[in-house]
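Below you'll find the structure, written out as structure tokens, and then a few comments.
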Amino acid sequence: MLTIKSIPAFNDNYIWLIQNSDQRCAVVDPGDAKPVLQYIEQHGLTLDAILITHHHNDHIGGVPDLVHKFPDIDVVGPAHEPIPTLTHPVETGDQIKLFDEIFFVLGLEGHTRGHIGYVGDGKLFCGDVLFSAGCGRVFEGTMEQMFTSLSKLAALPEETLVYCAHEYTASNVAFAMAVEPDNDLLHKYREEVNRKRAQNTPTLPTTIRQERWINPFLRYDEPSVIKSVANRTAKTDPLSIFTALREWKNEF
């Protein structure tokens, strides 16, 4: 069994540490090396691999220092993004073996042109594509790419644990409430999120099931969501509804 620990970084990033039963570990999107090195030393771990989802500095900034400390480490990441430290470039459809578990690489373009995610062992590491109650901004790709990427994730088994890269849940829930003020499950989720944040506890991981219930960016075909964006788009096809939601969130 793999266990997952969150290592906070910067203001709201999470570096996810994946640990197996014999004190070996991997980290996902280490934007800062210092907290990773501190955690590894405190817990007597050996760092075997780094998994990267995309090239933004808050996700790769710590990689050079980690490679310097562990020169034989395997650095896995998107083949089509400018990341000079990669030793193992991957793209959609590829598989990697991590501590006897197979993880599949998903192409999740939209936030960046070559963004990827990793899914295996009932866990999803999705970088800046899916957040709890929200989704990433469309920086380099297109709305259609982001829509397609989120549709891939929504189709995963509903019990899949979702490890997003940022603690954005509270602000995302505020937007989701504006979209669906009558969503009872969203009201309950807001109470849970507020309780966890008051205790300085992570709201993550979430699950695909939870996100289908409360995340407007996965609920673009719900009548309540369509109604909320009716003044922003004359079209009712899923991509148009999603685009209207994302543009609304950009200014929220």
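Restricted to segment 110-120, and to residues there that are out of contact with any His (no Cβ under 8 Å at 6 or more places or on another chain) and not small (Gly, Ala, Ser), the residue that is surrounded by the most Cβ atoms within 10 Å (Cβ to Cβ) is Tyr118.
Scanning segment 122-175 for residues being of a type in the set (A, V, I, L, M), in a helix (DSSP H, G or I), in contact with a Lys or Arg (Cβ under 7 Å, 6 or more places away or on another chain) and under 21 Å from Lys188 (Cβ atoms) gives a total of 3.
For Ala49, are the conditions met, namely being hydrophobic (A, V, I, L, M, F, W, C) and either assigned to a loop (DSSP other than H, G, I, E, B) or farther than 22 Å from Glu167 by Cβ (or both)?
For Ala49, the condition - hydrophobic (A, V, I, L, M, F, W, C) and either assigned to a loop (DSSP other than H, G, I, E, B) or farther than 22 Å from Glu167 by Cβ (or both) - is met.
Inside segment 17-41, can you point out the residues that are in contact (Cβ under 8 Å) with a residue 40 or more places away in the chain and surrounded by fewer than 17 Cβ atoms within 10 Å (Cβ to Cβ)? Selection gives Arg24 alone.
Looking at Pro78, Pro84, can you tell me which residue is more than 27 Å from Asn200 (Cα to Cα) and touching a His at 6+ places or on another chain (Cβ under 7 Å)?
Testing whether each residue is more than 27 Å from Asn200 (Cα to Cα) and touching a His at 6+ places or on another chain (Cβ under 7 Å) leaves just Pro78.
Considering (1) surrounded by 15 or more Cβ atoms within 10 Å (Cβ to Cβ); (2) more than 23 Å from Gly93 (Cα to Cα), the lone condition that Lys188 does not fulfil carries the number (1). For the structure I just gave you, tell me whether His88 is closer than 20 Å to Asp74 by Cα and in the same structural domain as Asp12 (by TED's automatic domain parsing). Against the criterion (closer than 20 Å to Asp74 by Cα and in the same structural domain as Asp12 (by TED's automatic domain parsing)), His88 qualifies. In segment 223-237, the qualifying residues are those that are out of contact with any helix residue (DSSP H, G or I) (no Cβ under 7 Å at 6 or more places or on another chain) and outside any loop (DSSP other than H, G, I, E, B), and the one that is nearest to Lys5 (Cα to Cα) is Ser224.
Determine whether segment 203-222 contains at least one residue that is farther than 20 Å from Phe131 by Cβ, outside the structural domain of Pro157 (by TED's automatic domain parsing) and in a helix (DSSP H, G or I). Checking segment 203-222: not a single residue is farther than 20 Å from Phe131 by Cβ, outside the structural domain of Pro157 (by TED's automatic domain parsing) and in a helix (DSSP H, G or I). Only residues that are buried (at least 17 other Cβ atoms within 10 Å of the Cβ) and charged (D, E, K, R) were counted across segment 69-86, and they come to 1.
Quick grid of which residues meet (1) of a type in the set (Lys, Arg); (2) in contact (Cβ under 8 Å) with a residue 60 or more places away in the chain:
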{"residue": "Leu130", "(1), (2)": "no, yes"}
{"residue": "Gln145", "(1), (2)": "no, no"}
{"residue": "Ala155", "(1), (2)": "no, no"}
{"residue": "Arg190", "(1), (2)": "yes, no"}
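Can you find a residue that is in contact with a strand residue (DSSP E or B) (Cβ under 7 Å, 6 or more places away or on another chain) and under 22 Å from Asp128 (Cα atoms) anywhere in segment 39-48?
no
Inclusion of Leu156 among residues that are assigned by TED's automatic domain parsing to the domain that holds Cys135, buried (at least 21 other Cβ atoms within 10 Å of the Cβ) and under 15 Å from the mean Cα position of the chain (by Cα) is not warranted. Taken together, the residues in segment 87-109 that are surrounded by 16 or more Cβ atoms within 10 Å (Cβ to Cβ) and more than 20 Å from the chain's Cα centre (by Cα) amount to 1.
So, Ala26, is that one out of contact with any strand residue (DSSP E or B) (no Cβ under 9 Å at 6 or more places or on another chain) and either more than 18 Å from Asp128 (Cβ to Cβ) or among the basic types (Lys, Arg) (or both) or not? So Ala26 does not fit the description; no.
When you go through Pro71, Pro30, Pro8, Pro64 one by one, which is the residue that is assigned to a helix (DSSP H, G or I) and over 19 Å from Glu91 (Cα atoms)? Before the answer, list the steps.
Details: Pro71 fails: assigned to a helix (DSSP H, G or I); Pro30 fails: assigned to a helix (DSSP H, G or I); Pro8 fails: assigned to a helix (DSSP H, G or I).
Among Pro71, Pro30, Pro8, Pro64, only Pro64 is assigned to a helix (DSSP H, G or I) and over 19 Å from Glu91 (Cα atoms).
The values are calculated or read from the model by the stated rules, or taken from the named source; none is laboratory data. Please read all numbers here as calculations on a predicted model, not as lab measurements. In this analysis, Cβ positions are derived from the backbone assuming ideal geometry, glycine residues included, and neighbour counts consider all displayed protein chains.
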